[in-house]
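Peer 1: After the structure tokens below, expect a handful of questions from me.
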Amino acid sequence: MSSEYIVEVSDLKQYFPVRTGLFKKTPLKAVDGVSFKIKHGETLGLVGESGCGKTTVGRSLLHLYKPTAGEVKVEGTTVTPQNIGSMRSKMQMVFQDPYSSLNPRMTVEDIIGEPFDVHKLYSNKKERREKILELMELVGLNAEHATRYVHEFSGGQRQRIGIARALAVNPKFIVCDEPVSALDVSIQAQILNMFEDLQAKLKVAYLFIAHDLLVVRHISNRIAVMYLGKIIEIADSDELNSNPVHPYTISLLSAVPIPDPKTARSRQRIVLEGDVPSPLNMPSGCAFRTRCKYATEQCKEQCPSLTDRGNNHFVACWNK
Amino acid sequence: MTEYILQVKDLHTSFFTDAGEVQAVNGVSFNLEAGKILGIVGESGSGKSVTSYSVMRILADTGRITKGEIYFKNEDITKYSEKQMHKFRGKHCSMIFQDPMTSLNPVYTVGNQLMEAILLHTDKSRKQAKERAIEMLELVGVNEPQKRYNQYPYELSGGMRQRVMIAMALACEPDILIADEPTTALDVTIQAQILELMQDLQKRLGMAIILVTHDLGVIAEMCDEIIVMYGGRVCEQGTADDIFYNPCHEYTKGLLRSIPDISGSKKRLTPISGTPINLLNLPKGCAFCARCEKAMKVCLSYQPEELEITPGHYASCWLNVKERMEPGKEEARHEF
Ligand SMILES: Nc1ncnc2c1ncn2[C@@H]1O[C@H](COP(=O)(O)OP(=O)(O)OP(=O)(O)O)[C@@H](O)[C@H]1O
Ligand SMILES: Nc1ncnc2c1ncn2[C@@H]1O[C@H](COP(=O)(O)OP(=O)(O)OP(=O)(O)O)[C@@H](O)[C@H]1O
Ligand SMILES: [Mg+2]
Ligand SMILES: [Mg+2]
């Protein structure tokens, strides 16, 4: 069965039991009813404050955690504990930290080759090596460095190694969790270009998690904004930036430091008061209401869900 | 005449390691005007933090200022005794660090640490010091300061801890605040709060700020003057408008080209090719030469002279020198 979408996520929930007293456990609702779809070869950006659940969405989507509830479909097939093994070859993850996510005792060759071994993707040693070198070339690594250890590489090169490993199984979909956040801007540009080239060549789709909104806007076709476990706005990249609707999205966009002095001087920052509420002690109704200047009684009582505002733009807000 | 609160002249700082001398800072000069914000940008390892640590003289044991002067109100602090430095750090110049968790002591309450800092550097009584501490917490926008006073650092959010750090740095009303990546660990919305706070305090208290960051957005929003560093040297210096709208060093140009366009166009990014330089083995000529697409022969062997492009805007790149030379006269000096 084929489908227009590579991934369809519906009402995904991920609760973590957290000990809050001697005998008491409270569910921490890290992801609380998230739905989205990603087309083949498309990039969906995912942004939001630290702790809002971005990484958890990525992980439970790939069943690295067992989701508390909800459904994930890959190319139309529901992911289950039984078929997750074979599904893994369709979806991969690239992690934020290029320093700690790779085993320092393995050579680059072995790191990239590991998925080949796991999924038995070669018939002899020579073929294995050829495939590895091919991947290294694809991500812009020097093939002569295949026998080096990770610590001999710079941050940007390590990130390439991580990406090569993810590509080894020929996935159709990659969750990229802050893949450029730890890198210098000039290296960041190299890696972003590489993601775009790979997408053009291999038609792979990305869920691209990042906190730098300029980067997300640059790379994404669509962007989803999360706040405390829920998506509160989702739209095409340009639409979201020129016409943000949710008060949280508006303040988020206004807070992004703009690398242009004239624009920076002329615009008005909307600085949000206060901190994000604790996910263990969430406000009733809309989670954003404690920091929202438009909050009404309704926001206290009922949590708004995403509604269609036309132009492929969805917003969860009672007042906007 | 402009009054400078801090003048750094030809600063050289090295670390003497087993592998050899790491020349982290190689001839940095800048002037900081009272009440202004000076930004330092540059890639990872370019010497931004070491420059700030040199001013505070809080280098690692292996590190040493090998050459240069640092004038605070016309006194060379590199000649200060440790006792004088102690007073300088407490009264005149404070620093906030990137990670607030490593600079706050986890076993003491926020209030206790703040009060101790005040007691150490002023002759206030304990009661006065406590009052001042609570006042400071209020000043930096910590809600319920009375309650926070008795809390431990781990009980506060990241943004709140960074505020406490700022309160601590400002408790003795320094003339200079050095902020090394003060918001890198924070969310954009919290970052905006902290930047707003720093701007507000700078205006109200009239202090000068040195803001170290690799975020060009933060630089554009905050700074009067900007220094761009590469390989332990200043490659360009000027106002925000000079640097962003008339960059005159190939590294600065490359840096600006490698960030996504603010208009949101999906135009392909232009990275700076090559790898960062090795400080153990500095090139003879321009530090950026190996990565520069426009490098000339002269760049390999001679360090570029600093030229004043327009008043107050300086850049060290041979291309500018070449451009200024009268046609036909180039040969007179170097072979370009
Ligand atoms: N394994 C776990 N056990 C308990 N709580 C968890 C676990 N993983 C994440 N959480 C909590 O779930 C919430 C969401 O965390 P998550 O890491 O997904 O956030 P994030 O949006 O990726 O944040 P950041 O931008 O800081 O990476 C947080 O409150 C976090 O403390
Ligand atoms: N204690 C030390 N011993 C040896 N070398 C050091 C030491 N501290 C710093 N260095 C070196 O000095 C150079 C400049 O470091 P510095 O910390 O100033 O960089 P930076 O510009 O602040 O970079 P970042 O943006 O990553 O913070 C680096 O190459 C670094 O490895
Ligand atoms: Mg995360
Ligand atoms: Mg630094």
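Peer 1: A:Val118 is checked against (1) within 21 Å of the chain's Cα centre (by Cα); (2) free of Cβ contacts under 8 Å to residues at least 24 places away in the same chain and fails just one. What number does that condition carry?
Peer 2: The one condition A:Val118 does not meet is (1).
Peer 1: If you scan the range B:23-32, which residues turn out to be farther than 20 Å from B:Cys93 by Cβ and either away from ligand 2 (no atom under 14 Å from the Cβ) or surrounded by fewer than 18 Cβ atoms within 10 Å (Cβ to Cβ) (or both)?
Peer 2: Scanning the range B:23-32 gives a single hit, B:Gly27.
Peer 1: Could you check the range B:212-318 for helices (runs of 4 or more DSSP H) lying wholly inside it with 2 or more residues that are more than 10 Å from chain A (Cβ to nearest Cβ)?
Peer 2: Helices (runs of 4 or more DSSP H) meeting the threshold: B:250-257, B:297-301.
Peer 1: Identify the residue in the range B:127-178 that is among the small types (Gly, Ala, Ser) and either touching a helix residue (DSSP H, G or I) at 6+ places or on another chain (Cβ under 7 Å) or open to solvent by 20 Å² or more (accessible area, probe 1.4 Å) (or both) and, among all such residues, is nearest to B:Tyr71 (Cα to Cα).
Peer 2: Restricting to residues being among the small types (Gly, Ala, Ser) and either touching a helix residue (DSSP H, G or I) at 6+ places or on another chain (Cβ under 7 Å) or open to solvent by 20 Å² or more (accessible area, probe 1.4 Å) (or both), the top hit is B:Ala171.
Peer 1: Every residue in the range A:35-83 that is among the β-branched types (Val, Ile, Thr), over 14 Å from A:Tyr206 (Cα atoms) and either within 16 Å of ligand 4 (Cβ to nearest atom) or more than 13 Å from the chain's Cα centre (by Cα) (or both), please.
Peer 2: Selection gives A:Thr68, A:Val72, A:Thr77, A:Thr78, A:Val79, A:Thr80.
Peer 1: Out of the residues in the range A:70-84 meeting the condition of being assigned to a loop (DSSP other than H, G, I, E, B) and either free of Cβ contacts under 8 Å to residues at least 24 places away in the same chain or hydrophobic (A, V, I, L, M, F, W, C) (or both), tell me which one is nearest to A:Asp177 (Cα to Cα).
Peer 2: Looking at the filtered set, the residue picked out is A:Val79.
Peer 1: For the range A:52-69, give me each residue that is farther than 16 Å from A:Glu178 by Cα, within 11 Å of ligand 1 (Cβ to nearest atom) and among the aliphatic types (A, V, I, L, M).
Peer 2: Matches in the range A:52-69: A:Leu64 only.
Peer 1: Considering only residues that are open to solvent by 80 Å² or more (accessible area, probe 1.4 Å) and either free of Cβ contacts under 8 Å to residues at least 40 places away in the same chain or closer than 22 Å to A:Val204 by Cβ (or both), which ones fall in the range A:97-113?
Peer 2: Answer for the range A:97-113, where residues must be open to solvent by 80 Å² or more (accessible area, probe 1.4 Å) and either free of Cβ contacts under 8 Å to residues at least 40 places away in the same chain or closer than 22 Å to A:Val204 by Cβ (or both): just A:Ser100.
Peer 1: Among the residues of the range A:50-66, count how many are in contact with a His (Cβ under 8 Å, 6 or more places away or on another chain) and either more than 9 Å from ligand 3 (Cβ to nearest atom) or open to solvent by less than 10 Å² (accessible area, probe 1.4 Å) (or both).
Peer 2: Going through the range A:50-66 one residue at a time, the tally reaches 0.
Peer 1: Now for a separate question. Which one of A:Leu207, A:Leu213, A:Leu192, A:Leu252 is within 16 Å of the chain's Cα centre (by Cα), open to solvent by less than 10 Å² (accessible area, probe 1.4 Å) and either under 27 Å from B:Ala220 (Cβ atoms) or at the interface with chain B (Cβ under 7 Å from one of its Cβ atoms) (or both)?
Peer 2: Result: A:Leu192 is the single residue among A:Leu207, A:Leu213, A:Leu192, A:Leu252 that is within 16 Å of the chain's Cα centre (by Cα), open to solvent by less than 10 Å² (accessible area, probe 1.4 Å) and either under 27 Å from B:Ala220 (Cβ atoms) or at the interface with chain B (Cβ under 7 Å from one of its Cβ atoms) (or both).
Peer 1: Report yes if B:Leu201 is open to solvent by 10 Å² or more (accessible area, probe 1.4 Å), under 13 Å from B:Arg163 (Cα atoms) and either within 9 Å of chain A (Cβ to nearest Cβ) or modelled with pLDDT under 90 (or both), otherwise no.
Peer 2: no
Peer 1: Can you name the number of the only condition in (1) at pLDDT 95 or above; (2) open to solvent by 20 Å² or more (accessible area, probe 1.4 Å); (3) touching a Leu at 6+ places or on another chain (Cβ under 9 Å); (4) outside any loop (DSSP other than H, G, I, E, B) that A:Gly45 fails?
Peer 2: Against the list (1) at pLDDT 95 or above; (2) open to solvent by 20 Å² or more (accessible area, probe 1.4 Å); (3) touching a Leu at 6+ places or on another chain (Cβ under 9 Å); (4) outside any loop (DSSP other than H, G, I, E, B), A:Gly45 comes up short only on (2).
Peer 1: I'm trying to understand the selection: among the residues of the range B:181-190, which are out of contact with any helix residue (DSSP H, G or I) (no Cβ under 7 Å at 6 or more places or on another chain) and either more than 16 Å from ligand 4 (Cβ to nearest atom) or more than 11 Å from every other protein chain (Cβ to nearest Cβ) (or both)?
Peer 2: B:Glu181, B:Asp187
Peer 1: Give the number of residues within the range A:255-268 that are surrounded by fewer than 16 Cβ atoms within 10 Å (Cβ to Cβ) and not small (Gly, Ala, Ser).
Peer 2: 5
The values are calculated or read from the model by the stated rules, or taken from the named source; none is laboratory data. All values reported here derive from a predicted model rather than from experimental measurement. We place every Cβ from the backbone using ideal geometry, glycine too, and count neighbours over all the protein chains shown. Surface areas here come from the heavy atoms of the whole protein model, side chains and all, with no ligands, DNA or RNA. Shrake-Rupley method; radii C 1.70, N 1.55, O 1.52, S 1.80 Å.
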